[in-house]
1. Is it the case that segment 68-86 has a residue that's small (Gly, Ala, Ser) and in contact with a Phe, Trp or Tyr (Cβ under 7 Å, 6 or more places away or on another chain)?
2. Restricting to segment 68-124, name every residue that is over 16 Å from the mean Cα position of the chain (by Cα) and small (Gly, Ala, Ser).
3. Looking at (1) assigned to a loop (DSSP other than H, G, I, E, B); (2) at pLDDT 90 or above, which is the only condition PRO114 fails?
4. Say whether the condition of being in a helix (DSSP H, G or I), under 21 Å from ILE129 (Cα atoms), free of Cβ contacts under 8 Å to residues at least 24 places away in the same chain and of a type in the set (D, E, K, R) is met by at least one residue in segment 36-57.
5. Only one residue in ALA51, ALA69 is surrounded by 19 or more Cβ atoms within 10 Å (Cβ to Cβ), small (Gly, Ala, Ser) and either farther than 24 Å from PHE115 by Cα or modelled with pLDDT of 90 or more (or both), so which one is that?
6. If we keep just the residues of segment 98-126 that are touching an Asp or Glu at 6+ places or on another chain (Cβ under 8 Å) and farther than 14 Å from ALA75 by Cβ, which is surrounded by the most Cβ atoms within 10 Å (Cβ to Cβ)?
7. Of the residues that make up segment 85-101, is at least one touching a residue at least 60 places away in the same chain (Cβ under 8 Å), out of contact with any Pro (no Cβ under 9 Å at 6 or more places or on another chain) and hydroxyl-bearing (Ser, Thr, Tyr)?
8. What do you reckon, is VAL61 part of a helix (DSSP H, G or I), β-branched (Val, Ile, Thr) and either in contact with a Gly (Cβ under 9 Å, 6 or more places away or on another chain) or without any contact (Cβ under 8 Å) to a residue 60 or more places away in the chain (or both)?
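The values are calculated or read from the model by the stated rules, or taken from the named source; none is laboratory data. As the structure is a computational prediction, the values presented were derived from the model and not from experiment. Don't worry about glycine lacking a Cβ; one is built from the backbone with ideal geometry, like all the others, and counts go over all protein chains shown.
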Amino acid sequence: MITAHRRRGRRPRRDDTGASAIELVLYMPLLMIAILLAVQFCLTYLGVQAASAAAREGNRVARVTGSAADGAAKAREYARDLGRGVLESPQVTIQQDGDVMRTRVSGNAPRIVPFLPVTNVEETVEGPIEQFMEDTG
């Protein structure tokens, strides 16, 4: 009699078997989307850094040599070597405005998330053309 009384006073136990599997099925797509977005952000960031480095190097060569063609060639080479895998189809333009060289490197970062638009990256660097000045001292 005592055991029957205790059984009636207890709450029935819910069976939690399989709850973890259901939670995993529900949360896994959200987790995968978050991971893909993080990787896409990192690839875009690396593309910007590669474009920036190529623009700086191309501008340095153009400012030192005074030749926009030499600077553009160096920037293309730098973008091709350094940006391999993180900067697709780089384009380089160098303009001379008076005594200032302006270098622009643009391209596309790799896209792994299909529903995002194409990630264009662009960096512009400018600086004065280097000139040798004799010491009149």
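1. Step one: list which residues in segment 68-86 are small (Gly, Ala, Ser), which gives 68-69, 71-73, 75, 79, 83, 85.
Add one more test, that the residue is in contact with a Phe, Trp or Tyr (Cβ under 7 Å, 6 or more places away or on another chain), and what stays is none.
No, because not a single residue in segment 68-86 is small (Gly, Ala, Ser) and in contact with a Phe, Trp or Tyr (Cβ under 7 Å, 6 or more places away or on another chain).
2. Correct list: ALA68, ALA69, GLY71, ALA72, ALA73, ALA75, GLY98.
3. PRO114 satisfies all of (1) assigned to a loop (DSSP other than H, G, I, E, B); (2) at pLDDT 90 or above except (2).
4. Within segment 36-57, one or more residues are in a helix (DSSP H, G or I), under 21 Å from ILE129 (Cα atoms), free of Cβ contacts under 8 Å to residues at least 24 places away in the same chain and of a type in the set (D, E, K, R).
5. On the way: ALA69 fails: surrounded by 19 or more Cβ atoms within 10 Å (Cβ to Cβ).
None of the others qualify; the one that does is ALA51.
6. Per the criteria, the residue is ALA109.
7. Step one: filter segment 85-101 for residues touching a residue at least 60 places away in the same chain (Cβ under 8 Å), giving none.
No.
8. Details: part of a helix (DSSP H, G or I): yes; β-branched (Val, Ile, Thr): yes; either in contact with a Gly (Cβ under 9 Å, 6 or more places away or on another chain) or without any contact (Cβ under 8 Å) to a residue 60 or more places away in the chain (or both): yes.
Judged against the criteria, VAL61 is a match.
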